[in-house]
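**Student:** Take this structure first; my questions come after.
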């Protein structure tokens with residue numbers, strides 16, 4: 001059964017056009033070709049990346065965070081309540097109105113107090129700013145080094161340099177897939193999973209069938225903007241707003257040029273149009289270009305998020321935040337309203353503290 005499955009999977013007619021086959025990729029006449037067996041080394045590389053990442057985030061990243069002044073905002077802890085805690089863990093973290101009323105009867109809390117309790121409890125489970133900074137600094141370091149290595153791999157066309165570039169890139173994306181459960185979850189969590197899987201399949205396939213030149217270009221195009229995004233995040237977490245905004249402008253420009261111009265109109269055009277002028281389409285042709293098309297759809301999706309963030313550069317919106325992040329909820333406004341409600345006079349009642357309610361409201365609007 002397994003032998004038949006393996007024979008079908010490695011069928012030459014699936015992965016090669018015309019009369020080409022695996023025999024054409026065998027070493028001969030002093031030439032060395034890529035082999036599928038080379039990919040086994042990526043497993044220990046991925047595990048090594050996980051270990052190096054732990055060391056990096058607990059040493060270098062922490063020191064860098066301290067140097068940049070990354071400060072964690074103190075969070076108000078939710079009061080201990082077994083009934084609400086049980087509902088939070090087993091039922092829903094965002095209770096419906098009917099459930100809020102039911103929980104109010106069981107606990108004696110008002111609806112406002114229940115909403116505040118769940119808001120604070122959800123905030124407790126959100127990753128803190130230091131964790132986000134550590135992850136961003138790790139990815140920034142790798143993407144920057146990978147971009148430099150990709151440029152070197154384009155210049156040096158010898159297989160040994162391209163081999164290590166491929167294996168390290170593949171090992172890194174495998175490590176990201178292994179650690180996805182413990183990483184900060186963003187709104188595009190599912191899209192990130194699809195991206196990692198598609199990238200791993202693309203790198204593996206392009207290596208096995210000797211599409212090394214195209215694979216190198218694809219990885220280089222992606223690394224060109226990724227390190228800029230991670231550096232913008234780092235400055236954002238550190239509170240360096242101007243530096244974050246300036247870097248984001250550069251990132252947005254590089255992303256648009258590389259992902260929406262170079263990738264579809266140069267690389268994807270070459271892999272989609274040129275091969276059919278030489279050989280009739282085959283399964284490997286559709287498989288490779290299908291994965292590239294998936295990446296291009298993700299590029300468009302992320303480009304929309306980037307444009308939404310770019311709107312924040314308009315007058316009055318000078319702070320850039322990651323649209324993929326779940327913003328931490330705050331109950332400060334509810335607290336202010338509650339305090340103001342306790343201080344507010346009765347209808348047609350006397351003015352308190354020497355200020356009328358109208359003046360207080362006007363002051364709040366102008367703050």
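Derivation of every value follows stated rules applied to the coordinates shown; laboratory data play no part. Just so you know, these numbers come straight off a predicted model, no measurement behind them. We place every Cβ from the backbone using ideal geometry, glycine too, and count neighbours over all the protein chains shown.
**Student:** Mind ordering 217-227, 145-155 by average Cβ neighbours within 10 Å, highest first?
**Tutor:** Those peptides, ordered most packed to least, come out 217-227, 145-155.
**Student:** Shifting gears a bit: Assuming R0 = 56 Å, what is the FRET efficiency of residue 124 and residue 269, from their Cβ-Cβ distance, to the nearest 0.05?
**Tutor:** Calculated transfer efficiency: 0.70.
**Student:** Run the numbers for residue 20 and residue 98: contour at 0.36 nm per residue of separation, minus the present Cα-Cα distance, in nm.
**Tutor:** 21.5 nm
**Student:** Moving on to the next point. Calculate the all-directions average of the projected area of segment 99-145's alpha-carbon convex hull, and give it in nm².
**Tutor:** Mean projected area for segment 99-145: 4.4 nm², to one decimal.
**Student:** Between residue 77 and residue 107, what length comes free when the chain is fully extended (0.36 nm per residue of separation minus the Cα-Cα distance, one decimal in nm)?
**Tutor:** The span from residue 77 to residue 107 would gain 9.0 nm if fully extended.
**Student:** If a/c stays under 1.5 just call it rounded; otherwise compare a/b with b/c (prolate if a/b is bigger, oblate if not). Do that for segment 73-127, with a ≥ b ≥ c from the square roots of the Cα gyration tensor eigenvalues.
**Tutor:** prolate
**Student:** For segment 200-248, what is the Kirkwood hydrodynamic radius in Å, using each pair of distinct C-alpha atoms?
**Tutor:** The answer is 12.5 Å.
**Student:** If you don't mind, there's one more thing I want to ask. At q = 0.19 Å⁻¹, what log₁₀ I(q)/I(0) does a Debye calculation on the Cα points of segment 54-97 give, no solvent, two decimals?
**Tutor:** Those come out to -0.70, one per q.
**Student:** For segment 231-319, what does the relative contact order come out to in percent, with C-alpha contacts under 8 Å and a separation of six or more?
**Tutor:** With pairs under 8 Å counted, the relative contact order is 28 percent.
**Student:** Take the Cα pairs of segment 167-235, get the Kirkwood Rh, then feed it into Stokes-Einstein at 37 °C and 0.692 mPa s and tell me D in µm²/s.
**Tutor:** Reported coefficient: 249 µm²/s.
**Student:** I would also like to ask the following. Quick one: which of 184-194, 89-99 comes out on top by average Cβ neighbours within 10 Å, and what's the full order, highest first?
**Tutor:** Put in order of decreasing packing, that is 184-194, 89-99.
**Student:** Output the peptides 76-87, 239-250 sorted from most to least packed, where packing is the average of other Cβ atoms within 10 Å over each peptide's residues.
**Tutor:** Result, highest mean first: 239-250, 76-87.
**Student:** What span do the alpha-carbon atoms of segment 33-124 cover on each of the three principal axes, reported in whole Å from largest to smallest?
**Tutor:** That works out to 71, 39, 19 Å along the principal axes.
**Student:** Between residue 91 and residue 246, what is the FRET efficiency for a Förster distance of 51 Å, r being their Cβ-Cβ separation, to the nearest 0.05?
**Tutor:** Calculated value: 0.65.
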